[in-house]
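Working notes, structure below.
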Amino acid sequence: MLNRPVDVISVCNADGTIKPLRFRFEDESNQLLRVDIEEVVNTREVQFVGVEAAIFLCRATVGGQPWMFELKYTFRTHCWCIHRRFY
């Protein structure tokens, strides 16, 4: 699941702060899986080889199982992906 592109619904505050609310992706059986984000634990801005991005450490429950994962938003391309998932 490293760097898998996802569709994200997010909100932006008046000061430009981004907060992801939910995302969906296609699983191994080609089914769309929707994940509602319960909490954004931490947010940090990083720079990978000149590409600026924001990484959101999030918590959710998927299929009755707790998930901790990082969503990455790349500012230049406006793309979201699952950066990393913690088991």
message: As a test question: what accessible area, to the nearest 10 Å², does Leu57 have when a 1.4 Å probe is rolled over all protein chains in place?
response: 40
- request: Kindly report, to the nearest 10 Å², the accessible surface of Cys81 as traced by a 1.4 Å probe over protein heavy atoms only.
  value: 20
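Calculate what fraction, in whole %, of the accessible area of the chain sits on carbon and sulfur atoms when a 1.4 Å probe is rolled over the protein chains. Intermediate values should be presented prior to the final figure.
Details: 2850 of 5840 Å².
The nonpolar share, carbon plus sulfur, comes to 49 percent.
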- request: Rounded to whole Å and sorted largest first, list the principal axis extents of the Cα atoms in the chain.
  value: 34, 26, 21
- request: For Val6, list long-range residues whose amide hydrogen, built 1.01 Å from N in the peptide plane, is under 5 Å from its own amide hydrogen.
  value: Trp80, Cys81, Ile82
task: For the stretch 23-36, just list the computed ³J(HN,Hα) in residue order, Karplus coefficients 6.51, -1.76 and 1.60, θ = phi - 60°, integers in Hz, with x standing in for Gly and Pro.
output: 8, 9, 8, 9, 7, 4, 9, 6, 9, 6, 10, 9, 10, 8
Note, ³J(HN,Hα) from phi for the stretch 53-64, Karplus 6.51, -1.76, 1.60, rounded to Hz, x at Gly and Pro: 8, 10, 10, 10, 7, 10, 10, 8, 10, 10, x, x
task: Note down the accessible area of Asp7, probe 1.4 Å, to the nearest 10 Å².
output: 90
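Given a cut-off of under 8 Å on Cα pairs at least six residues apart, what relative contact order in percent is computed for the chain? Working shown, then result.
Details: 184 pairs, mean separation 22.6, N = 87.
Once normalised by length, the contact order is 26 percent.
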task: For the stretch 1-46, just run the numbers: alpha carbon Rg, then divide by 2.2 N^0.38 Å, N being how many residues it has.
output: 1.33
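The values are calculated or read from the model by the stated rules, or taken from the named source; none is laboratory data. Since the structure is predicted, the reported quantities are computational estimates derived from the model, not experimental observations. Areas reflect the complete protein model, heavy atoms only, side chains present, ligands, DNA and RNA absent. Shrake-Rupley method; radii C 1.70, N 1.55, O 1.52, S 1.80 Å.
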